[in-house]
Amino acid sequence: MDKRITLADKLKSKDPSVFNMLVGFDGFVDEIIHVVDKRQGPRDYTRVKTISDFAKKIDRASGLSSNIEFVPIKSKIGGNGPIMVNALIKHHPQITYIGTLGYPNIHEVFKSLVDQANVYTIEKYGDTQAVEFNDGKLIIGKMNNLVNVNYDHLIKIVPEEKLINLLGSIDLFSTVNWSMLPYMTDIWKNIIQCILPNVTIKEEKPFMFIDIADPEKRERHDIVEALDLLKQFKSHFKVVLGLNKKEAYDVSVHLGLFSQNVIESKTLKEVNQALYDYLEIDYVAIHPVDRSSVIYKNNYYEEKGPYISEPKLTTGAGDNFNAGFVLGLLLGLEPDEALLTGMSTSGYYVRNADSPTFADLNKFITDWANNKI
C-alpha cells in the first residue's frame with residue numbers, strides 16, 4: 001500500500017491539539033511583490049517569471065539605467081517564527097510566541113497570532129519585500145529593529161523565571177531565523193547557562209527545532225560558533241536542525257565538510273550525512289524544492305514531494321514545511337512520514353496561499369496519493 005495512504009489512515013487517530021509549544025524570536029511584515037515584464041494596460045501585465053529572467057533584465061541595465069516596476073500583491077504575516085506559528089495554530093495546540101511583532105503596539109497583520117496564541121512582543125517588527133518568481137524568491141529585508149533583540153532585552157519582557165516555567169512545560173521549543181537576529185547566538189548561550197540548569201530534564205525529552213535561515217551574509221566563524229552550540233541543548237531536548245538545499249550546501253562548506261569546488265557534485269544524501277556526523281544532534285533535515293530528506297539515528301530517509309511549477313505563493317513555504325515536519329515528529333510518526341507531513345503542509349500552502357487545517361492536511365495527503373493534485 002502507498003505509504004501516503006497508510007499515513008492518512010494513521011493521522012485519523014491523532015490529536016495535534018494536545019501539544020504545548022514555545023517559538024521565537026523574530027517578526028516581519030511581508031509585502032509580496034511581482035515584477036512587471038510587459039504591461040498591456042492599467043491593470044493588466046505579464047510577470048517576469050524566473051529569477052534568471054530578472055537577472056538578465058538587471059544585467060542589460062549595466063552601464064546604463066533601467067526602470068523596473070514592482071507590483072505589490074499583498075501584505076502578510078512575515079518572519080520565520082510567525083509564519084511557522086501561523087501554520088501550527090491551524091491544529092489548535094497551545095502556543096506561546098515571543099518575537100518582534102511591534103512595540104509597544106502589535107501590528108494588525110499579526111492578529112491571528114494574538115487571537116490564537118499567547119504572545120509576547122519584544123520589539124518593533126522588521127520589514128520584508130518578497131519579490132516572487134515561479135522558481136524562487138528574492139527577500140529584501142529591513143532588519144534595523146532586530147538589532148535590539150538580545151538576552152537582556154528579552155528578559156525585561158519575559159523574565160527568566162517565566163522562561164524557566166515555559167521551557168519546563170513544552171513539547172516543542174523552536175528558535176528560528178538565526179541569520180537575521182545578530183544576538184541569537186548570545187541568547188542561546190544564556191539559555192544554556194542561565195535557564196536550562198533550572199529546567200527539570202524530562203524522561204521523554206521535548207523537541208527543539210532550529211532553522212538558521214539563509215546564512216550567506218554571516219561570517220564563517222559566526223556560523224560555526226552557532227552550530228557548534230546546538231549539541232549543548234541535547235541534555236534537555238531532542239534537537240532538530242532544518243535547512244533548505246542552499247543553506248545545507250553553504251553551511252557544509254562553511255564547516256569545512258566539502259570544498260566550494262566540489263560541493264555542487266555532492267548528493268543530497270552525502271551532504272545530509274556529513275552535516276549529521278559533524279553536528280552530533282538528533283535530526284538533520286534538508287528540504288529542496290521537489291523533495292526532502294532527514295537523518296535520524298544514522299538512518300537516512302528521502303521522499304519526493306508534490307512539486308508545482310507555478311505556485312500561488314512561495315514566501316513561507318519553507319516555514320510551512322518546518323511546521324508540518326515538526327508536527328509529524330510530535331505526533332510520533334516515522335521520520336519519512338514526518339517528511340511527508342512537512343511537504344504536504346508546504347504543498348498545500350503554495351497552492352492555496354494558506355496553511356492547512358488538520359483535516360485539510362489529511363485530505364491533501366490522500367489526494368496526492370490518488371494523483372488528484
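Positive-end ranking of N150, G168, P104 along the dipole of the stretch 100-172, with charges on Cβ about the Cα centre, is headed by P104. Among all the aspartates and glutamates, which ones have a C-alpha under 13 Å from K57's C-alpha, if same-chain residues fewer than 8 places away are not counted? Straight-distance partners of K57: D37, E69. Remark: the stretch 131-188 carries a charge dipole of roughly 180 debye about the Cα centre, counting +1 on each Lys and Arg Cβ and -1 on each Asp and Glu Cβ. An ellipsoid equivalent to the chain, defined through the eigenvalues of its Cα gyration tensor, has semi-axes of 30, 25, 23 Å when rounded to whole angstrom and sorted largest first.
Pairs from the table (K266/K312; K231/K304; K162/K238; K76/K162) lying more than 25 angstrom apart at Cα are K266/K312; K231/K304; K76/K162. Here the gap between D53 and I68, fully extended at 0.36 nm per residue and compared with their Cα-Cα distance, gives a gain of 4.1 nm. For the chain, the dipole from Cβ point charges (+1 on Lys and Arg, -1 on Asp and Glu) about the Cα centre works out to 740 debye, to the nearest 20. Of all beta bridges that DSSP places with both ends in the chain, some 45 percent have antiparallel geometry.
Eigen-decomposition of the gyration tensor built on the alpha-carbon atoms of the stretch 275-373 gives equivalent ellipsoid semi-axes of 23, 14, 12 angstrom, largest listed first. Split the accessible area of the chain by element, probe 1.4 Å, and carbon with sulfur accounts for 47%. For the set D336, D53, D152, D26, solvent exposure ranked by accessible area (probe 1.4 Å, protein chains only) runs largest to smallest as D152, D53, D336, D26.
The heavy atoms of F54 offer some 20 square angstrom of accessible surface to a 1.4 angstrom probe.
Ordered from largest to smallest accessible area (heavy atoms of protein chains, 1.4 Å probe), the residues Y103, Y296 come out as Y103, Y296.
Computed extension gain for K3 through R220, at 0.36 nm per residue and net of the alpha carbon distance, reaches 74.1 nm. Label zone of R291 (point 7 Å out along Cα→Cβ, amide N under 17 Å): in the stretch 1-43 this covers 3-4.
The values are calculated or read from the model by the stated rules, or taken from the named source; none is laboratory data. Please read all numbers here as calculations on a predicted model, not as lab measurements. Neighbour counts are summed over all protein chains in view; Cβ atoms, including those assigned to glycine, are modelled from backbone coordinates with ideal geometry. Each accessible area value is taken on the protein alone, full model and side chains, heavy atoms only, with ligands, DNA and RNA left out. Shrake-Rupley method; radii C 1.70, N 1.55, O 1.52, S 1.80 Å.
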